[in-house]
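The structure under discussion appears below in the form of structure tokens.
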Amino acid sequence: MNPLLQIGAISSVATFMVVLAIYRTTYRVTETHLQIRVFGVPIRRIALARIRRYVRQRDFFCEFWVNRLMPGRRILIIELKDGLFRHVVLSPRLPYVFRHELSKARRAMKAPPVEDGDNTPSAPIPQPH
């Protein structure tokens, strides 16, 4: 077989796999982390404590974890507190709903439940002012 045909076939398969991987990228919010998955396998975890805020404009250097070739308005940009790349670009299906899930998980992580004497968690008791 011609070497140019082999190189062309290999590059075509590699391009197809990259495009397929982009479309199979999903996001999951756990109690402590944001997981980025490709084909269902977690390949990147971001601790919720590292998230500083959500921003509208990204830096030139950032991590792209989009699941569309042209995500359009589905962009959610997260600014991290530390790291080489401070901005992470995601494209969840419903960005505002996903942002709410992230915020809810971050609030739950900052206020852990109070434990009773019998080691069963309960809701914190509000203190009078």
Item to check | Hits in the range 27-62 - residues which are within 11 Å of residue 106 (Cβ to Cβ), surrounded by fewer than 15 Cβ atoms within 10 Å (Cβ to Cβ) and aliphatic (A, V, I, L, M) | outcome: 47, 49
Item to check | Scope the range 6-34; condition polar (S, T, N, Q) and either assigned to a loop (DSSP other than H, G, I, E, B) or out of contact with any strand residue (DSSP E or B) (no Cβ under 6 Å at 6 or more places or on another chain) (or both); matching residues | outcome: 6, 11, 12, 15, 30, 32
Checklist outcome for this item: Within the range 32-73, residues β-branched (Val, Ile, Thr) and farther than 21 Å from residue 94 by Cβ come out as 32, 41, 43
Next on the checklist: Suppose we filter the range 71-112 for residues that are more than 16 Å from residue 51 (Cβ to Cβ), surrounded by 11 or more Cβ atoms within 10 Å (Cβ to Cβ) and of a type in the set (Gly, Ala, Ser); how many remain?
Outcome noted: 1
Checklist outcome for this item: When the range 30-86 is checked residue by residue, the ones that are over 12 Å from the mean Cα position of the chain (by Cα) and free of Cβ contacts under 8 Å to residues at least 24 places away in the same chain are 39, 40, 41, 56, 57, 60, 70, 71, 72, 73, 74, 84
Checklist entry - Within the range 93-112, how many residues are without any contact (Cβ under 8 Å) to a residue 60 or more places away in the chain and either under 13 Å from residue 27 (Cβ atoms) or of a type in the set (D, E, K, R) (or both)? => result 9
Next on the checklist: Taking the conditions exactly as written (at negative phi, of a type in the set (Lys, Arg) and either in contact with a Ser or Thr (Cβ under 9 Å, 6 or more places away or on another chain) or at pLDDT below 75 (or both)), does residue 73 satisfy them or not?
Outcome noted: no
Next on the checklist: If I ask for residues that are farther than 16 Å from residue 98 by Cβ, of a type in the set (Gly, Ala, Ser) and either out of contact with any helix residue (DSSP H, G or I) (no Cβ under 8 Å at 6 or more places or on another chain) or part of a strand (DSSP E or B) (or both), which ones from the range 35-81 would you list?
Outcome noted: 40, 47
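The values are calculated or read from the model by the stated rules, or taken from the named source; none is laboratory data. As the structure is a prediction and not an experimental result, all values here were calculated from the model. Ideal geometry is used to build each Cβ from the backbone, glycine not excepted, and the neighbour counts take in all protein chains shown.
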